[in-house]
Amino acid sequence: MQGSANLNLMIKAARKAGRALVKDFREVENLQASMKGPGDFVSRADLAAEKILHDELMGGRPTYGWHAEEGGTTPGEDPTRRWIVDPLDGTSNFLHGLPHWGISIALEHKREIVAAVVYDPAKDEMFVAEKGQGAWMNDQRIRVSGRRVLIECLFATGIPFGGERNLPEALQDLARLMPACAGVRRWGAAALDLAYVASGRFDGYWERGLHVWDMAAGLLLVREAGGFAEPIRADDDILVCGNLIAANSAVFPGFAKVIRTP
Ligand code: IPD
């Protein structure tokens with residue numbers, strides 16, 4: 001794919017942060033058996049990856065705004081464009097030595113996501129999309145799955161943990177959906193869940209209570225791969241509400257009906 005200068009900058013930044021995270025991940029695997037565990041180490045790895053991304057992206061486009069999981073928000077001289085970044089999506093997986101985590105970078109222009117990178121460094125899978133240009137994984141065009149019947153579909157979701165408030169809704173969603181589909185996975189990295197919908201590995205995905213940096217890049221991947229990504233309540237603003245449903249276009253209506261039924 002012939003990406004724009006912005007997309008190339010995003011890919012370069014993701015690769016650089018990815019190399020640092022892979023090194024740290026090997027260390028995390030060694031720390032599992034220690035008394036203290038790898039918690040503090042992982043927080044430092046997360047911050048270090050965000051710094052690399054910040055230096056690369058803001059170094060390349062100093063007038064853009066910045067909105068990231070660890071470093072908060074800095075408005076840019078150009079109020080119409082901002083980077084939306086999660087340096088380490090799937091932090092719990094990383095912490096436990098599970099090789100399923102990623103870097104998510106989105107470029108927003110006038111409240112719309114126009115370029116997206118979701119990079120899985122452990123598997124060296126680089127998912128990219130630009131508005132109107134399609135979606136790609138490691139230079140191969142990707143598309144959402146072709147399944148049309150709910151009972152044959154494999155879905156992904158996120159189930160709230162700790163003190164999060166959405167647990168009852170998530171359990172009700174599962175109770176309605178599970179008898180109607182082929183299975184539900186909870187893999188622990190929302191950006192990769194969306195990238196997997198875009199590449200047809202999952203037929204759909206939904207989650208409540210997401211942050212914008214978890215989903216901004218992934219939702220463009222799904223749309224550019226021919227799928228739908230919408231807020232769970234149709235009239236919400238998808239980048240604000242944090243409740244997302246995504247699927248291939250054939251199965252979306254039936255899937256959305258199950259998830260949207262109170
Ligand atoms: C989390 C992961 C997880 C999802 C949570 C997210 P983080 O992101 O994407 O799958 O269920 O809602 O917050 O904290 O690992 O960047």
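The values are calculated or read from the model by the stated rules, or taken from the named source; none is laboratory data. Predicted, not measured: the structure shown is a model, and the values here were computed from it. Quick reminder, even Gly has a Cβ in these numbers, built from the backbone with ideal geometry, and neighbours come from all protein chains shown.
Kindly list the number of the only condition in (1) within 21 Å of Ala195 (Cα to Cα); (2) among the basic types (Lys, Arg); (3) more than 19 Å from the chain's Cα centre (by Cα) that fails for Arg61. Checking Arg61 against (1) within 21 Å of Ala195 (Cα to Cα); (2) among the basic types (Lys, Arg); (3) more than 19 Å from the chain's Cα centre (by Cα), the one that fails is (1). Candidates in region 75-86 are the residues that are within 21 Å of the chain's Cα centre (by Cα) and over 13 Å from His211 (Cα atoms); of these, the one that is nearest to the ligand (Cβ to nearest atom) is Trp83.
Being at pLDDT 95 or above, away from the ligand (no atom under 16 Å from the Cβ) and either closer than 25 Å to Ser92 by Cα or crowded, with 23+ Cβ neighbours inside 10 Å (or both) is a property that Ala156 lacks.
In summary, strands (runs of 3 or more DSSP E) completely within region 52-113 and bearing 2 or more residues that are on the phi < 0 side of the Ramachandran plot, in contact (Cβ under 8 Å) with a residue 24 or more places away in the chain and touching a strand residue (DSSP E or B) at 6+ places or on another chain (Cβ under 8 Å) occur at 65-68, 81-89, 102-109.
Among the conditions (1) free of Cβ contacts under 8 Å to residues at least 60 places away in the same chain; (2) closer than 24 Å to Pro160 by Cβ; (3) surrounded by fewer than 24 Cβ atoms within 10 Å (Cβ to Cβ), the only one that Pro253 does not satisfy is (2). Residue check: Ala122 meets all listed conditions (1) surrounded by fewer than 17 Cβ atoms within 10 Å (Cβ to Cβ); (2) among the small types (Gly, Ala, Ser); (3) within 16 Å of the chain's Cα centre (by Cα) but one, namely (1).
Would you call Val251 more than 16 Å from the ligand (Cβ to nearest atom) and over 16 Å from Val118 (Cβ atoms)? Yes, satisfied.
Taking region 7-60 as the range and being closer than 21 Å to Ala135 by Cβ and surrounded by fewer than 19 Cβ atoms within 10 Å (Cβ to Cβ) as the test, the residues that pass are Asn8, Ile11, Lys12, Arg15. Can you work out which of the residues in region 189-209 that are within 11 Å of the ligand (Cβ to nearest atom) and under 10 Å from the mean Cα position of the chain (by Cα) is surrounded by the fewest Cβ atoms within 10 Å (Cβ to Cβ)? So the residue we want is Ala190.
Within the span defined as region 102-110, every residue fails to be surrounded by fewer than 24 Cβ atoms within 10 Å (Cβ to Cβ) and under 13 Å from the mean Cα position of the chain (by Cα).
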